[in-house]
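Asker: Sharing a structure below in C-alpha cells format, with a few things to ask.
The values are calculated or read from the model by the stated rules, or taken from the named source; none is laboratory data. Remember, it's a predicted structure, so these values are computed and weren't measured experimentally. Here the Cβ positions follow ideal geometry from the backbone for every residue, glycine too, while neighbour counts run over all protein chains shown. Accessible surface areas use protein heavy atoms only, side chains included; no ligands, DNA or RNA. Shrake-Rupley method; radii C 1.70, N 1.55, O 1.52, S 1.80 Å.
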Amino acid sequence: EKAGYKHFMLKEINEQPRAVRDTTLGRVSLDSGEVFLPDLQLTREDIQKATSLTIAACGTSWHAGLAGKFMIERLARIPVDVDYASEYRYRDPIPGSLGLLITQSGETADTIAAQLEMVSKGTPTLAICNVVGSAITRKASGVITTNAGPEIGVASTKAFTAQLTALFTLALYLGQQRGTVTPQQSKQYVAELAEIPRKLEEILRSVDDQCSELAKSFSTARDFLFLGRGIHYPIALEGALKLKEISYIHAEGYPAGEMKHGPNALIDETLPVVCIATKDPADPTSVLKYEKTLSNIQEVTARSGRVIAIATESDPIEHSHLTGLVEHTITIPQAPELLLPILEVVPLQLLAYHIAVRRGCDVDQPRNLAKSVTVE
Ligand code: F6R
C-alpha cells in the first residue's frame with residue numbers, strides 16, 4: 001500500500017503533482033481563464049458585498065491560511081485575517097463577512113470550535129477540506145474539496161499543497177466575481193496553474209538526491225532556522241514544522257527581515273539557516289523582496305551561519321552571486337509569486353524527511369502526535 005516507497009510520507013510527497021492536478025480538475029478553464037466553484041454556494045452579490053474574510057485553522061493548515069491571505073488580498077482585494085483556530089474563541093472575536101476553515105481531516109476539534117463561534121455570530125462559513133462528509137464540511141455553507149486523497153503520514157504534505165492550490169483558485173474566483181482581476185490576467189494565471197504539476201514532477205526528480213545528501217551533513221544539528229519574506233514566510237514556518245515534528249530537531253521559521261531585531265544573536269557556525277530566496281522576475285515587488293532577502297543571507301554568512309538557499313532558476317551571473325554566498329543552493333523552476341509556495345515547500349519536506357530517516361525516527365508516526373486532533 002506504500003506503492004514501493006519506504007514510508008507513507010515519501011509516497012505522499014511524490015503524489016503532489018497528482019494532488020494538485022486533481023484539485024484544479026474541472027474547476028478552471030484554460031480557454032477562458034474562468035474559475036468554477038459552484039460548491040461554494042456564493043452568489044456574485046454575496047462576493048461583491050464581502051468586506052473582509054476570517055480564516056481559522058491549525059498547524060500546517062494554518063500555514064496554508066497565511067499564504068492564502070496573500071493570494072486573496074492580492075487577487076480579490078478583500079482584507080483577510082488569519083487566526084489559530086485554537087485561539088479564536090477565547091477573545092470574543094469579530095468575524096469578517098465570511099469565515100473560512102482550512103482542514104485536512106475536517107474533524108479537528110479546535111477548528112470545529114472556531115467554526116461554531118463564527119456561526120453563532122451569524123457569519124457564513126466556507127471550508128477547504130480533504131474529507132468529504134466530515135464534521136466541518138457538514139456545518140459549512142460552502143466547500144472546496146482538496147482532492148489530495150487519503151493522507152496517512154501524520155506529517156501533512158500533499159494535503160498542504162492541495163490546500164495552497166484550492167486557496168489560489170478561491171482567490172482567483174473571488175477576484176473574477178469582484179472584477180479585481182482582468183480576463184487577460186485570469187487566463188495567464190490559469191495557464192500558470194496548469195503548469196504546476198509538471199514543475200512539481202521536475203522538482204521531485206531533481207531535488208531528492210540533493211536533500212538526502214544534505215541530510216548527511218545536517219542531521220546532527222541541534223537547531224535550524226527557516227527564513228522567508230512575504231508569502232514565503234508561511235513556507236518557512238511550514239519547513240520548520242515538518243523538521244520539528246518528524247526529526248525532533250528544534251526549528252524556527254522567521255520572517256527574514258526580523259532577524260536583525262533579535263534572532264541574529266543565535267547565529268554561529270553550527271546553525272543551519274534555510275533561506276527561501278525565490279523570485280518572480282516579472283513581478284517588481286517579488287524582485288525587491290528577493291534583493292532584501294539576499295542581504296539577509298549576507299548577514300547570516302557574515303556571522304558564519306550555514307545557509308541552504310531555495311532559489312528559482314535565474315541567469316548565470318545572478319545565480320553565481322547567490323551560490324557564492326551560500327553553502328548549498330536548491331534550484332526550483334520559475335512561477336508567478338503567488339504559486340511559488342507550492343513548489344518551494346517540496347524541498348523542505350524532503351529535507352525534513354531525509355534528516356528524520358537518518359536520525360532513525362518513526363517518520364509516519366512521530367512521537368506524541370495524532371493524525372487528527374479531536375480534543376481541544
Ligand atoms: C502537521 C500537521 C498538523 C495539522 C493540524 C490540523 O504536519 O499535520 O499540524 O495540520 O493538526 O489538522 P487538520 O488540517 O486536519 O485540521
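Asker: Looking at Leu225, is it out of contact with any Leu (no Cβ under 7 Å at 6 or more places or on another chain) and open to solvent by less than 10 Å² (accessible area, probe 1.4 Å)?
Answerer: When the stated conditions are applied, Leu225 does not pass them.
Asker: Quick check on my filter: what residues within the stretch 108-136 are away from the ligand (no atom under 11 Å from the Cβ) and among the acidic types (Asp, Glu)?
Answerer: Glu117
Asker: Further question: If a residue must be in contact (Cβ under 8 Å) with a residue 60 or more places away in the chain and under 18 Å from Phe218 (Cα atoms), how many such residues does the stretch 309-344 contain?
Answerer: 2
Asker: Among the residues of the stretch 65-92, which ones are part of a loop (DSSP other than H, G, I, E, B) and either among the aliphatic types (A, V, I, L, M) or at pLDDT below 95 (or both)? Full working, then the answer.
Answerer: Residues of the stretch 65-92 that are part of a loop (DSSP other than H, G, I, E, B), as a first pass: 77-79, 89-92.
The answer is Ile78, Arg89, Tyr90, Arg91, Asp92.
Asker: Out of the stretch 40-95, which residues are of a type in the set (Val, Ile, Thr) and open to solvent by 30 Å² or more (accessible area, probe 1.4 Å)?
Answerer: Listed by number, the residues that qualify are Thr43, Thr51, Val82, Ile94.
Asker: When the residues of the stretch 96-123 are narrowed to those that are open to solvent by 20 Å² or more (accessible area, probe 1.4 Å) and aliphatic (A, V, I, L, M), which ends up farthest from Ser134 (Cα to Cα)?
Answerer: Among them, the one singled out is Val119.
Asker: Considering each of Gly4, Gly33 in turn, give the residue that is farther than 19 Å from Leu340 by Cα, open to solvent by 70 Å² or more (accessible area, probe 1.4 Å) and not in a helix (DSSP H, G or I).
Answerer: Gly4
Asker: Name, by its number, the condition in (1) out of contact with any Pro (no Cβ under 8 Å at 6 or more places or on another chain); (2) within 16 Å of the ligand (Cβ to nearest atom) that does not hold for Leu66.
Answerer: Leu66 satisfies all of (1) out of contact with any Pro (no Cβ under 8 Å at 6 or more places or on another chain); (2) within 16 Å of the ligand (Cβ to nearest atom) except (1).
Asker: Okay, moving on. Suppose the filter is within 14 Å of the ligand (Cβ to nearest atom), closer than 18 Å to Gly239 by Cα and either touching a residue at least 24 places away in the same chain (Cβ under 8 Å) or open to solvent by 20 Å² or more (accessible area, probe 1.4 Å) (or both); does Leu200 pass it? Before you say what the answer is, go through the steps one by one.
Answerer: On the way: within 14 Å of the ligand (Cβ to nearest atom): no; closer than 18 Å to Gly239 by Cα: yes; either touching a residue at least 24 places away in the same chain (Cβ under 8 Å) or open to solvent by 20 Å² or more (accessible area, probe 1.4 Å) (or both): yes.
So Leu200 fails the test.
Quick grid of which residues meet (1) closer than 26 Å to Ala57 by Cβ; (2) open to solvent by 30 Å² or more (accessible area, probe 1.4 Å); (3) under 16 Å from the mean Cα position of the chain (by Cα):
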{"residue": "Val274", "(1), (2), (3)": "yes, no, yes"}
{"residue": "Thr285", "(1), (2), (3)": "yes, yes, no"}
{"residue": "Leu288", "(1), (2), (3)": "no, yes, no"}
{"residue": "Gly305", "(1), (2), (3)": "no, no, no"}
{"residue": "Ile332", "(1), (2), (3)": "yes, no, yes"}
{"residue": "Pro336", "(1), (2), (3)": "yes, no, yes"}
{"residue": "Val363", "(1), (2), (3)": "yes, no, no"}
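Asker: Does the stretch 331-344 include one or more residues that are farther than 18 Å from Val273 by Cβ, modelled with pLDDT under 95 and among the aliphatic types (A, V, I, L, M)?
Answerer: So far as the stretch 331-344 goes, no, none of its residues is farther than 18 Å from Val273 by Cβ, modelled with pLDDT under 95 and among the aliphatic types (A, V, I, L, M).
Asker: Let me ask something additional. So how many residues does the stretch 7-27 have that are among the aliphatic types (A, V, I, L, M) and open to solvent by 40 Å² or more (accessible area, probe 1.4 Å)?
Answerer: The qualifying residues number 1.
Asker: Now for a different question. Going through Gly153, Gly106, Gly149, Gly96 one at a time, which residue ends up being at pLDDT below 95 and under 30 Å from Leu348 (Cα atoms)?
Answerer: Gly153
Asker: Now for a different question. Of everything in the stretch 141-154, what is open to solvent by less than 20 Å² (accessible area, probe 1.4 Å) and over 19 Å from the mean Cα position of the chain (by Cα)? Give them in sequence order.
Answerer: Residue satisfying the conditions is Gly142 alone.
Asker: Examine the stretch 345-355 for a residue that is surrounded by fewer than 17 Cβ atoms within 10 Å (Cβ to Cβ) and either in contact (Cβ under 8 Å) with a residue 24 or more places away in the chain or within 20 Å of Gln16 (Cβ to Cβ) (or both), and state whether such a residue exists.
Answerer: no
Asker: Could you tell me whether Lys244 is among the basic types (Lys, Arg), within 16 Å of the ligand (Cβ to nearest atom), open to solvent by 10 Å² or more (accessible area, probe 1.4 Å) and assigned to a helix (DSSP H, G or I)?
Answerer: yes
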